[in-house]
Amino acid sequence: MKEPRRTRALLPALIGCTLLAAACASKPPAPSGLAELLERPAERALVEGLRAYDEGQYAQAETALQRALAAGLASPRDRASAHKLLAFIACTSERLAGCQAAFRAARTADPAFALNRSEAGHPLWGPVYRQVLGTP
């Protein structure tokens, strides 16, 4: 039996749609483990920066966070976190322009970026955050 001309013309499109649907239905890649992430220079520098910040070593934290950003952090959320901590460091060091720029960079890196309630209420960087990002 001979296929109608219309069916033959639609066959490539139908195959393409089927392949696309199959590709979309496939499982996403497994998330990277911590060991694998720490093999990446940017992510390793971010971890170093977080650790230094938590230990109150702000100069070392600032250096490591800037290195992480320069090395190209893959995740928008990680980039925003690095900029957030850089904003905190700049604000506590009375570098208002740097604090403002870091908050803007955090929002640019991740449009969903927002400080949590306690961070936003901090007396040093809370007002700068609200002024720069227009939050109440």
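Across segment 42-60, what is the total count of residues that are part of a helix (DSSP H, G or I), without any contact (Cβ under 8 Å) to a residue 24 or more places away in the chain and not basic (K, R)?
6
Each row is one residue, and each column tells you yes or no for (1) at pLDDT 95 or above; (2) within 23 Å of the chain's Cα centre (by Cα); (3) loosely packed, with under 11 Cβ neighbours inside 10 Å.
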| position | (1), (2), (3) |
| --- | --- |
| I15 | no, no, yes |
| S26 | no, no, yes |
| Y58 | yes, yes, no |
| A61 | yes, yes, no |
| L69 | yes, yes, no |
| A74 | no, yes, no |
| S81 | yes, yes, no |
| L86 | yes, yes, no |
| Q100 | yes, yes, no |
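Let me spell it out: the conditions are (1) surrounded by fewer than 20 Cβ atoms within 10 Å (Cβ to Cβ); (2) in contact with a helix residue (DSSP H, G or I) (Cβ under 7 Å, 6 or more places away or on another chain); (3) assigned to a loop (DSSP other than H, G, I, E, B), and P123 meets all of them except one. Which number is the exception?
Here P123 meets the rest and fails (2).
Identify all residues within segment 102-114 that are open to solvent by less than 20 Å² (accessible area, probe 1.4 Å) and of a type outside the set (G, A, S); write none if there are none.
If the condition is that a residue be open to solvent by less than 20 Å² (accessible area, probe 1.4 Å) and of a type outside the set (G, A, S), then F103, F113 are the ones that fit.
The values are calculated or read from the model by the stated rules, or taken from the named source; none is laboratory data. Everything numeric here is computed off the predicted structure, so don't read it as measured data. Ideal geometry is used to build each Cβ from the backbone, glycine not excepted, and the neighbour counts take in all protein chains shown. Calculation scope for accessible area: heavy atoms of the full protein, side chains included, ligands and nucleic acids excluded. Shrake-Rupley method; radii C 1.70, N 1.55, O 1.52, S 1.80 Å.
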